[in-house]
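The values are calculated or read from the model by the stated rules, or taken from the named source; none is laboratory data. Every value quoted in this text rests on a predicted model; they were computed, and no experiment measured them. Here Cβ is always computed from backbone atoms with ideal geometry, including for glycine, and neighbour counts include all displayed protein chains.
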Amino acid sequence: MLLRILLALVTSWTAGLAMADAVAAEPSSGCGAPLRQPPEAFDVDGRERRAIVVLPEDYRSSRPHALIFAFHGRTNDNVQARRYFGLEEAATGPTIYIYPAALTDRSGRFAWADPGDPPDALRDFAFFDIMLSRFTSTYCIDLDAVFVVGHSLGASFANSLACARAQRIRGVASVAGGIAPSDCSGAVAALLLHNPHDRAVPLSEGERARDVLLGRPGDAAKWVGRHIGDFGCRQHGDRENPLFWCLHAQDVTPRGRYYPHQWPDGTAQGIIEFFDLLVG
């Protein structure tokens with residue numbers, strides 16, 4: 001009799017855990033779907049686009065996962081960006097990572113938009129939309145934990161994307177980025193890192209991104225000091241959608257090269273801390 005009671009308690013506890021997995025967040029329609037091989041190719045306006053997709057080894061379709069899109073810059077591809085971003089090593093919770101590959105322009109460098117694209121309709125917004133739709137319908141995604149990350153040109157694209165898709169993106173974290181000149185579709189949380197000595201993307205471009213994402217004139221003058229990871233930041237905005245403006249002074253790479261445009265040490269840990277703050 002005692003054994004039956006214990007088994008019943010264990011069964012009830014296990015079922016409770018499974019239910020908690022399913023309702024702990026805003027689950028996507030893919031929750032409960034059988035596991036499939038992650039797609040690496042996507043049809044966007046008749047053109048094949050590719051991405052590196054990383055699922056956790058312990059993926060469970062009953063547990064909503066955060067979804068992070070990470071965009072590379074003009075000269076490094078998604079393979080290189082995945083390596084130096086270091087996001088997977090800093091992860092603290094169940095997360096799916098997508099590293100899209102940009103197309104090249106006439107100069108042979110990477111680009112996330114075509115010349116003449118409207119600021120609120122850059123070419124690869126459609127690429128993001130298709131990937132997001134595919135993953136939320138195929139995998140168990142927390143719809144309140146969709147994030148975008150970028151560096152350099154990828155940072156400018158990530159900032160612009162978060163501005164245009166604020167209803168679908170919970171937060172953006174970027175290093176050395178600007179933004180397309182457009183009004184945002186809504187409020188979105190942001191972590192913006194910039195080196196004042198950066199010449200590839202001047203500080204003024206980062207300040208413009210900050211002001212556009214804040215959305216209200218004068219808000220840039222209102223802030224409180226706060227640390228995110230190893231970075232001293234100014235926190236702007238409200239508690240639901242904070243914006244952290246973080247200036248760093250890592251001018252020299254570990255190999256001794258003067259390069260203020262770099263992805264600074266500690267960035268991945270700061271980004272994950274910021275994302276955890278938004279879903280905590």
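Step by step: first the residues of segment 103-151, then only those that are among the hydrophobic types (A, V, I, L, M, F, W, C) and farther than 30 Å from GLY32 by Cα, then the one that is surrounded by the most Cβ atoms within 10 Å (Cβ to Cβ). Which residue is that? Walk me through it before giving the result.
Residues of segment 103-151 among the hydrophobic types (A, V, I, L, M, F, W, C): 103, 110-113, 121-122, 125-128, 130-132, 135, 140-141, 143, 145-149.
Okay, now just the ones that are also farther than 30 Å from GLY32 by Cα, so 103, 110-113, 121-122.
On the way: LEU103: 15, PHE110: 21, ALA111: 19, TRP112: 27, ALA113: 21, ALA121: 12, LEU122: 22.
Ranking the candidates gives TRP112 first.
How many residues does segment 66-102 hold that are among the charged types (D, E, K, R) and either crowded, with 23+ Cβ neighbours inside 10 Å or assigned to a helix (DSSP H, G or I) (or both)?
Restricting attention to segment 66-102, the residues satisfying the condition of being among the charged types (D, E, K, R) are 74, 77, 82-83, 88-89.
Next, only the ones that are either crowded, with 23+ Cβ neighbours inside 10 Å or assigned to a helix (DSSP H, G or I) (or both) stay: 82-83, 88-89.
The qualifying residues number 4.
List the residue pairs whose Cβ atoms are under 6 Å apart, where the first residue sits in segment 48-60 and is among the acidic types (Asp, Glu), the second is part of a strand (DSSP E or B) and modelled with pLDDT of 95 or more, and the two are 6 or more positions apart or on different chains.
Listed by first residue and then by second, the contacts come to GLU48/ALA41.
For segment 40-58, what are the residues that are surrounded by 15 or more Cβ atoms within 10 Å (Cβ to Cβ) and part of a loop (DSSP other than H, G, I, E, B)?
Correct list: LEU55, PRO56.
With the requirement that a residue be without any contact (Cβ under 8 Å) to a residue 60 or more places away in the chain and in contact with an Asp or Glu (Cβ under 7 Å, 6 or more places away or on another chain), what does segment 114-136 give you?
Answer for segment 114-136, where residues must be without any contact (Cβ under 8 Å) to a residue 60 or more places away in the chain and in contact with an Asp or Glu (Cβ under 7 Å, 6 or more places away or on another chain): just ARG123.
Is it the case that some residue within segment 234-256 is in contact with a Ser or Thr (Cβ under 7 Å, 6 or more places away or on another chain) and either of a type in the set (Phe, Trp, Tyr) or farther than 24 Å from PHE69 by Cα (or both)?
Narrowing segment 234-256 to residues in contact with a Ser or Thr (Cβ under 7 Å, 6 or more places away or on another chain): none.
No: segment 234-256 contains no residue that is in contact with a Ser or Thr (Cβ under 7 Å, 6 or more places away or on another chain) and either of a type in the set (Phe, Trp, Tyr) or farther than 24 Å from PHE69 by Cα (or both).
Would a scan of segment 16-34 turn up a residue that is part of a loop (DSSP other than H, G, I, E, B), at pLDDT 50 or above, surrounded by 11 or more Cβ atoms within 10 Å (Cβ to Cβ) and of a type in the set (D, E, K, R)?
Looking through segment 16-34, at least one residue is part of a loop (DSSP other than H, G, I, E, B), at pLDDT 50 or above, surrounded by 11 or more Cβ atoms within 10 Å (Cβ to Cβ) and of a type in the set (D, E, K, R).
Residue by residue, here is whether (1) under 16 Å from PHE69 (Cα atoms); (2) of a type in the set (Ser, Thr, Tyr) holds:
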position	(1), (2)
ASN159	yes, no
ARG170	yes, no
SER174	yes, yes
GLY177	yes, no
PRO181	no, no
LEU191	yes, no
ASP198	no, no
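Hey, does segment 125-144 have a residue that's charged (D, E, K, R) and part of a loop (DSSP other than H, G, I, E, B)?
To start, the set of residues in segment 125-144 that are charged (D, E, K, R) comprises 129, 134, 142, 144.
Then drop every residue that is not part of a loop (DSSP other than H, G, I, E, B), which leaves none.
Taking every residue of segment 125-144 in turn, none turns out to be charged (D, E, K, R) and part of a loop (DSSP other than H, G, I, E, B).
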